[in-house]
1. By average Cβ neighbour count within 10 Å, what is the ranking of 163-172, 192-201, 44-53 from highest down?
2. Note down the net charge around GLY119, summing +1 for each Lys or Arg and -1 for each Asp or Glu among other residues with Cβ under 13 Å from its Cβ.
3. Given the convex hull over the Cα atoms of the stretch 34-203, what projected area results after averaging over all orientations, in nm²?
4. Can you check what the net charge comes to around PRO47, using other residues whose Cβ is under 14 Å from the Cβ of PRO47 (Lys, Arg +1; Asp, Glu -1)?
5. Taking 0.36 nm per residue of separation and subtracting the Cα-Cα distance, what length does fully extending HIS54 through ASN35 add?
6. By how many nm would the segment from ARG173 to CYS204 lengthen if fully extended, with 0.36 nm per residue of separation less the alpha-carbon distance?
7. Under the rule of at least 5 residues apart or a separate chain, name every residue whose amide H is placed under 5 Å from the amide H of ALA105.
8. Quick check for the stretch 34-203: number of Lys pairs with alpha-carbon distance under 27 Å, counting only pairs 8 or more apart or on different chains?
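Read-outs: derived from the displayed coordinates by stated rules, not from any lab. The structure presented is a predicted model; accordingly, all values stated were derived computationally and were not measured. Here the Cβ is made from the backbone with ideal geometry for all residues, glycine too, and neighbour counts use every protein chain on show.
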Amino acid sequence: MMPPGPISALRRTLIGSCLVAVLLLAGCATAPPRNTANLCSVFDQHPDWYDDAHQAQQRWGTPINVLMAFVKRESSYRESARPKRSWFLFIPLPRKSSAYGYAQAQDPVWNEYKDATGGWFKSRSDMEDALDFIGWYTDRIHRELGISKWDPKHLYIAYHEGIGGYRSGRWRRNRHLLEVAAGVDWRAREYGAQLKRCEARFRCRHWYQFFCH
């Protein structure tokens, strides 16, 4: 048998490099929090998420606990979440929607968000961008439908159905959606109570926050 030549050695090196790159990229994925039922635990594991949520709250006015309750419901904090794909025998069928990422934003409204905010490089799998999107869309819901940003139940119904869908009123006959929205409302209120007990340790933890209080 002939010894491997320089081309074979180069091929093995390239394949090895590609495998290392894939493994490194996989290792960069953000793991979901271990305890998603407690917002303090979520922020303990991912303190930067508090900064992202606080920034979105300051920009759009939607409370941190409401923003995070939406993420909990939509993706369970999985950055690459998307609707399940149906199969016909061994053939994968198209997904039911283009929803993707932490906020499960669909392509049309995500593109509207990027046009409105100038965020061409934003990503649905980035928590900062996902929270900013939720803040932007709930602010739009508030302005167009008059729903309070402190009303997680109806905010979520409009978020799920779209502004036109909410106006149609068909959601009132959707028992499953009403149950889900009630769950989001409960989660947001639980998160709010939890955040009151721990927010101080996240709000002013950076050395450069001279005037933080």
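1. Numbers: 163-172: 13.1, 192-201: 14.6, 44-53: 18.9.
Top to bottom by mean Cβ count within 10 Å: 44-53, 192-201, 163-172.
2. -2
3. The Cα convex hull of the stretch 34-203, projected and averaged over all directions, gives 10.9 nm².
4. -3
5. 4.8 nm
6. 6.6 nm
7. Distant-sequence amide H within range of ALA105: TYR100.
8. Step by step, the pairs that qualify in the stretch 34-203 add up to 20.
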